[in-house]
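Presented below is the structure to which this report refers.
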Amino acid sequence: MKRRLVDWLACPACRGTLALTRAVPEADDIREGELACVACGARYPIARSIPRLLPPALADEARATAERFGYEWTRFAEIRPEYEPQMLGWIAPVGRDAFVGARVLDAGCGKGRHLRLAAAFGAKEVIGIDLGPAVDAAAQNTGDLDNVHVVQGDLTRPPFRPESMDLIYSIGVLHHLPEPEAGFRALAPLLVPGGRFVAWLYAREGNGWVLALVDPVRRLTSRLPLPLVSGLAWVVTVPLWIALRLLYAPARTRPPLARTLPYASYLMDLVPFPFREVHSIAFDQLLAPVAHYMRRAHVERCFAQGGVALESLRWHHTNSWAASGTRGRGR
Ligand SMILES: C[S@@+](CC[C@H](N)C(=O)[O-])C[C@H]1O[C@@H](n2cnc3c(N)ncnc32)[C@H](O)[C@@H]1O
């Protein structure tokens, strides 16, 4: 952990100021140490360079979600060049320019694949938060970048000072919370007035097949041991991979073929990825204990509850929402 990160941190229990009470430094990094709240006295370890700012009690569902995604991200930890166009698709019309000079929070950063991109887009500082063991993969994947920081914590009780961020993005995370609104309500106050909030979320609209076939299976597989779920995902990936190669790859240059295929816009985007990545996407779909497929009105309600004025709500690939807005100046 870099020392300057302390300036943006707050106690997740009482929002008090945190002070560094023990530090084993290694160059500019604090590898091991402890943070303490000057208000309530709570103590939080720094382990393997990551401040572990977990709130006092975690619901079983939240813990399971974080553990299960942690298993995924620590096993599929690699960073691929295809992530850049994919991320830009998820956040558009917000683009690289929004990152320049900004202090940016990645809420639910997983293995940190977007932290590297946010830094490359010109962010001044990038902070990733995740609840589970994924933070160790994120820290490893960004250890060479001086302006990237990784924190373990719960985004519904975020360990950051109010109005400390210029831009918050959250990709594929808030629909996995028991109550997505809670994420918006907790994160929005971290933005400076006029700061930007970007979220990519599963849509209910356009996801008939997933709701009919994949979601009922997920309700079962989300309770199974993860090595077994990974094996089942591998079995699902084989026919999907064959369809990608034989149908969706040619459809990229043949619009009439694309018009006949289900989920063409989404699945054609997966064509450049290797088998292993498609396996990790199938695994990701099957492991989560909670997945909300959100109606347009639900997304609008979430932004309203956070006090974020929705500026763009785009139906991405006709099966997800790319939503962005600005925190009101009056709050
Ligand atoms: C589908 S993954 C997406 C990860 C990353 N945004 C990406 O696109 O690569 C969802 C992530 O959200 C994290 N997460 C879920 N609930 C969380 C919470 N309450 N606080 C912080 N992170 C959470 C999970 O641990 C997981 O890594």
| Just Pro216, Pro12, Pro158 to compare: in a GNM of the chain, with alpha carbon springs under 10 Å, which one fluctuates most? | Pro216
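Of the peptides 106-113, 284-291, 321-328, how do they stack up when ordered by the mean number of other Cβ atoms within 10 Å, highest first? Each step should come with its number before you reach the end.
On the way: 106-113: 27.0, 284-291: 18.8, 321-328: 21.8.
Those peptides, ordered most packed to least, come out 106-113, 321-328, 284-291.
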| ³J(HN,Hα) computed for each position of segment 44-58 - Karplus, 6.51 cos²θ - 1.76 cosθ + 1.60, integer Hz, glycine/proline x | 10, x, 10, 9, 6, 6, 10, x, 9, 9, 7, x, x, 10, 10
| field | For Glu311, residues with placed amide H under 5 Å, excluding near neighbours | value | Ser324, Gly325, Thr326
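What's the magnitude of the charge dipole for segment 223-287 around its Cα centre, counting Lys and Arg as +1 and Asp and Glu as -1 at the beta-carbon? Answer in Debye, nearest 20.
Details: 6 positive and 3 negative charges, 39 e Å.
In debye, rounded to 20, segment 223-287 gives about 180.
Note down, for segment 65-165, the three equivalent ellipsoid semi-axes (square root of 5 times each alpha carbon gyration tensor eigenvalue), biggest first, whole angstrom. Walk me through the intermediate numbers first.
On the way: eigenvalues 79, 58, 30 Å².
Semi-axis lengths for segment 65-165 are 20, 17, 12 Å.
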| Which Cα, out of Ala119, Trp73, Ala98, lies furthest along the positive dipole direction of segment 8-160 (beta carbon charges, K/R +1, D/E -1)? | Ala98
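About the Cα centre of the chain, what is the dipole size in debye to 20, counting +1 per Lys and Arg Cβ and -1 per Asp and Glu Cβ, all else neutral?
Values: 39 positive and 32 negative charges, 105 e Å.
Roughly 500 debye, rounded to the nearest 20.
Please give the net charge around Asp146, taking every other residue with its beta carbon less than 15 angstrom from that of Asp146, where Lys and Arg add +1 and Asp and Glu add -1. Spell out each step's value before the answer.
Numbers: positive: Lys2, Arg3, Arg4, Arg103, Arg116, Lys124; negative: Glu26, Asp28, Asp29, Glu125, Asp144.
Overall, the nearby charge balance is +1.
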| Dipole magnitude of segment 184-331 about its Cα centre, charges +1 at Lys/Arg Cβ and -1 at Asp/Glu Cβ only, in debye to the nearest 20? | 340 debye
| Top of Val148, Val214, Val135 by mean-square fluctuation, Gaussian network on the chain, Cα under 10 Å | Val214
| request: Output the antiparallel fraction of DSSP beta bridges having both residues in the chain, as a percent to the nearest 5. | output: 60 percent
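Please state the shape class of the chain: rounded when a/c is under 1.5, otherwise prolate if a/b exceeds b/c and oblate if not, all from the C-alpha gyration tensor.
Details: a/c = 1.74, a/b = 1.52, b/c = 1.15.
Prolate shape, in that a/c is at least 1.5 and a/b is the bigger ratio.
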| field | Under Karplus coefficients 6.51, -1.76 and 1.60, residue-wise ³J(HN,Hα) of segment 308-320 in Hz, glycine/proline x | value | 10, 6, 5, 10, 8, 9, 10, 7, 7, 6, 6, 8, 8
| message | Can you compute 3J(HN,Hα) from phi for each residue in segment 214-221, using the Karplus curve 6.51 cos²θ - 1.76 cosθ + 1.60 with θ = phi - 60°, rounded to whole Hz and x for Gly and Pro? | response | 7, 5, x, 5, 4, 4, 7, 5
| query | Taking a Cβ-Cβ separation under 4.7 Å as the criterion for a possible partner, which cysteines of the chain have none? | reply | Cys109, Cys302
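What do you get for chymotrypsin sites (Phe, Trp or Tyr not before Pro) in segment 147-248 restricted to DSSP loop and a cutoff of at most 16 other Cβ within 10 Å of the site's Cβ? Present the calculation step by step, with values, prior to reporting the outcome.
Numbers: sites: Phe160, Tyr169, Phe184, Phe197, Trp200, Tyr202, Trp209, Trp234, Trp241, Tyr248; in loops: none.
Of the chymotrypsin sites (Phe, Trp or Tyr not before Pro), not one in the loops of segment 147-248 has a Cβ with at most 16 other Cβ atoms within 10 Å.
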| request: Give the long-range amide H neighbours of Ala10: residues separated by 5 or more places, or on another chain, with amide H under 5 Å away, using H modelled in the peptide plane at 1.01 Å from N. | output: Phe160, Arg161
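Once you have a ≥ b ≥ c as the square roots of the Cα gyration tensor eigenvalues for segment 223-287, tell me rounded if a/c is under 1.5, and otherwise prolate or oblate according to whether a/b is larger than b/c. Walk me through the numbers before you get to the answer.
On the way: a/c = 2.94, a/b = 2.54, b/c = 1.16.
Cα axes put segment 223-287 in the prolate bin.
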| remark: Rounded to 0.05, the calculated FRET efficiency for the beta carbons of Val238 and Arg259 at R₀ = 22 Å is 0.30
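Each reported figure results from applying straightforward, stated rules to the coordinates on display, with no laboratory input. These numbers come from a predicted model, not from an experiment. Because the Cβ atoms are built from the backbone with ideal geometry, glycine has one as well, and the counts that use them run over all protein chains shown.
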